[in-house]
Amino acid sequence: MASLSREEKKSQYELFARGNTVPSISSQQYPLSTAKPRYLEQLENYLRKELLLLELGKDSTQELRLQPYREIFEFFIEDFKTYKPLLSSIKNAYEVMLAHQREKIRALEPLKAKLVTLNEDCNERIMAMRAEERYEISMLKKEKMNLLKLIDKKNEEKISLQSEVSKLRKNLAEEYLRYLSERDARKILIGDLNELRYQREDMSLAQSPGVWGEDPVKLTLALKMTRQDLTRTQMELNTMKANFGDVVPRRDFEMQEKTNKDLQEQLDSLRADYEEVRKEHDLLLQLHMSTLKERDQFFSELQEIQRTSTPRPDWTKCEDVVAGGPERWQMLAADKNSDQLVDVLLEEIGEGRLREKDFFPGLGYGEAIPTFLRFDGPVENKKPSKKEVVHILKDAWKERLAQEQKEKFPDFFFNFLEHRFGPSDAIAWAYTIFENIKLFRTNDIMSQFYAVLMGKRMESVYINHKETVAQLQKEMINADSQNEGLLSMEQFSTILKSIFPLKKEEQIQELMEAGGWHPNSSSADLFSYRVLFMENEEGQSDPFVHKLWEQYVNEKDEYLHELKQELGLELHNEVTLPRMRRALMNIDPSLDKQTLNTYLSQAFQLPISELPEEGSEEEEGTKICLRLALEQLQMADVKRIGPRDTESTS
C-alpha cells in the first residue's frame, strides 16, 4: 500500500466523513458512466499484486494467502472511524476463531501421524495374515491331495483283499469238497474191508470140517493174515474212539440245546423282572426320602402353626346371636367350611345393619357411577325381605328374556324398576336392591344378578346356565316314563354322561353325590329328581344345581389356564390375533369357525364383522394385553367344545 499516500486516502475519506456514506457508483460525484472509485481500484490492485507474489512463492500456504486480505481489512478499520469498533470486534472474532482452528489443527497433526502409522501397521498385518492364509490354504490343498492318494491306495488294497478273500473262499470250497470225497472213499473202503472179512470168515467156516487136513503152511499164513487184519481193525477202532469219543448223540444235543434255550429265556425274563423291581425299588426309595422330607417339613409347619395360629373358632357361639336361634344357625351352617361360615355371618350382620338404615346417601352423577344409581341426595331404604328381592330379580330376568335385549342391562334394570314401581320410587328401589345383592354373595340369584349388573359377567353366561339346567330337567322328565318323579341312579348317570360328554368320571360322580347318590347305594335305587331343581323362598338352589355351576366355573378357569400355557406369555405381554387363534385351535380342535370368531371378538373387544381376515397384514397388527384378553374371556360364556387330541387318543 506504499503507492497509496496518506493524503489520497484522506481525500477519499473526507467524502465519507461528510455524508457518512462510502463513495459508490450511485453518488453524485460518480455518475453511472464513470469508473470505480480510485481507492477501491488501488485496494484491488494491491490485493492482486500480493496474491501474485504469493503464487510465485514456492512455500506459500493458506495462512499466508489470508495476510493480504487481513491488511486490506485493517486499512478499512483505520480509515472508517465510525465503524472501527464494530469492524474491530468482527476482525477479533474471526482472529480468535482462526487461532482456535489452528490450535485444533496442531493438536490433530500428531493424531494424523499416528493414524498413518496405525494404517501402515494394519496394512502390514493384513498382508501378513493374507500370506499366512495363502500358506495354510496351500498346505491344506497338499494335505487334501495326500489324503485323496491315501484313499485311492486304501481302495486298491481293499479291492485286492476282496479278490484274495474270494480266491481263498474258492480254495476252501475246493478243499472242503476234496475232504468230503476222501471221507466218502474211506467209508466205502471200510465197508469193502468189512465185506472181505465177513467173506473170509464165511469161507473159513465153510472149510472148517476139513481144517485138520489143510496144509500147516497155509494155516500159518492165514493166521498171520488174520492177526494183521485184527491189528489193523484194532487201530481203526482206536482211531474211531479217539475221533468220536467226545461226540454227543444228535438227539441228546438237541434236547440239551432246547433246555439251554429255555433256561436262557427264563434268565432273560428274570433279569428284566429284576431291573423293573430294582427301578421300582429306587423310585420307592426316592419317594420315601421325599416323603420323609415332606413329613419333616409338614411337622415343622404344624409346630409353627400351632405356635402362631389362633385357636379354631367355636361357631356354636353364633347360635344365640343370629336371628332365628340355634335351629336357623344350624340350617345356615350345614355343610360349610370356616370361610363360608364367615361369609354367612357377615351377611347376617350386614342384613341387620341394612335394616337399620332408613336412607342411603346418593352417589352423585359421576361417570364412574352406574346409570341406575346416579342421584344426588338421600335415597329411601325400602327395606324389603330377601324373599321379595329374589322375586323382583326373577321377574326382571323373565322380562329380560322376553325382549330383544337391545339396551344395556343397567338401563334395562332401571326401566324395569320405573315400569314396576313408578318413576318416583325407581331410584329408591334401585339403591335398595343394589345394596341387598351386593351384600348377599352366597345367594346364587343375587350374586349372579350382581355380576351381570356390574359388567363382571355377560348375560349369556346366566342364560346358557339356565338353559343347561332346563335341558337336564327335560331329559329326566323324558326318562320318567311312569311320570312318578323317580329315576334310578343308573338312568341318572346315563343322562349326565349324555348331556355332559366332556366331563370326567370324577365330575359325574360329584354331581351324582350332590343329587343324593352314595357309594354304598345300588344302581337300581330310585330317587326323586324333581327336588334337584327346586329353590327355597330366598332363591337358594339345591346342592346339585350349585355343584353344576361350580363345575362350570372351574372348567372355565382350567380352559383359560390351558390357553395361557399354550400362548407361553406373561400377563403383561401383548398377544396378536393370529397367535390367539392358533392357541384356541390347539387346546380345542373341535372349535367351529363361528364359536372361534365369537371368542376372538370377546377377547379383542371387536365386533365379529370387524375381525380382520385370517392371514392378512391387518390381522398381524391386531394386538391386546394378555391380561385384558383373559379378563374379557372370563366374563363371557367360554367352554370347551370338544376333547383335545391327547384326550381323544387316550
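Can you give the local net charge around residue 486? Use residues other than it whose beta-carbon is closer than 13 angstrom to its beta-carbon, Lys and Arg +1, Asp and Glu -1.
Numbers: positive: 530; negative: 480, 484, 490, 525.
Counting the neighbours of residue 486, the net charge comes to -3.
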(message) Per residue, how large is the accessible surface of the chain? Use a 1.4 angstrom probe and give square angstrom.
(response) 72
(request) Tell me the GluC sites (Glu not before Pro) within region 359-438 that lie in a loop according to DSSP and have at most 10 other beta-carbon atoms within 10 Å. (result) 367, 404
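Just check the chain against the gyration tensor rule for me: Cα atoms, a ≥ b ≥ c as the square roots of the eigenvalues, rounded for a/c under 1.5, and otherwise prolate or oblate depending on whether a/b exceeds b/c. If you can, show how the numbers build up before the last one.
Working: a/c = 3.91, a/b = 1.22, b/c = 3.20.
Because a/c hits 1.5 or more and a/b fails to exceed b/c, the chain counts as oblate.
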(request) Quick one: net charge around residue 143, please, counting Lys, Arg +1 and Asp, Glu -1 for every other residue with C-beta under 14 Å from its C-beta. (result) +3
(request) May I ask you to derive the relative contact order of region 393-466, considering only C-alpha pairs under 8 Å and at least 6 residues apart, and to give it as an integer percent? (result) 24
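Share of region 456-516's accessible area from carbon and sulfur, percent, 1.4 Å? Write down the numbers at each step before the final one.
Values: 1510 of 3370 Å².
Solvent-exposed carbon and sulfur of region 456-516 make up 45 percent of the total.
State whether region 379-469 is rounded, prolate or oblate according to the following rule on the C-alpha gyration tensor (a ≥ b ≥ c being the square roots of its eigenvalues): a/c under 1.5 gives rounded; otherwise a/b larger than b/c gives prolate, and the remaining case gives oblate.
It is oblate, given that a/c is not under 1.5 and a/b is not larger than b/c.
Please report the carbon-and-sulfur percent of the accessible area for region 72-116; probe 1.4 Å, protein heavy atoms only, DNA, RNA and ligands left out. Show your work: numbers first, answer last.
Working: 2440 of 3520 Å².
That share works out to 69 percent.
Using 1/(1 + (r/R0)^6) with R0 = 51 angstrom and r between the beta carbons of residue 498 and residue 304, what's the FRET efficiency to the nearest 0.05?
On the way: r = 50 Å, r/R0 = 0.98.
It comes to 0.55.
First check a/c for region 152-252, with a ≥ b ≥ c the square roots of the eigenvalues of its C-alpha gyration tensor; if it is under 1.5, answer rounded, and if not, answer prolate when a/b is larger than b/c or oblate otherwise. Walk me through the intermediate numbers first.
Values: a/c = 4.44, a/b = 3.21, b/c = 1.38.
Prolate shape, in that a/c is at least 1.5 and a/b is the bigger ratio.
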(message) Considering only protein heavy atoms and a probe of 1.4 Å, how much of the accessible area of region 334-413 is carbon and sulfur, as a whole percent?
(response) 52
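In deg cm²/dmol, rounded to 500, what helix-only [θ] at 222 nm does the chain give when every DSSP H run of at least 4 residues adds -39500 (n - 2.57) and the total is split over its residues? Kindly include the intermediate steps, with their values, before the conclusion.
Details: 21 runs with 457 residues, N = 650.
My calculation for the chain gives -24500 deg cm²/dmol from helical runs alone.
The values are calculated or read from the model by the stated rules, or taken from the named source; none is laboratory data. A quick note: this is a predicted structure, and the numbers were derived from the prediction, not measured. Virtual Cβ from ideal backbone geometry, glycine too; neighbours counted across all protein chains shown. Please note that ligands, DNA and RNA were not included when accessible areas were found on the heavy atoms of the full protein model with its side chains. Shrake-Rupley method; radii C 1.70, N 1.55, O 1.52, S 1.80 Å.
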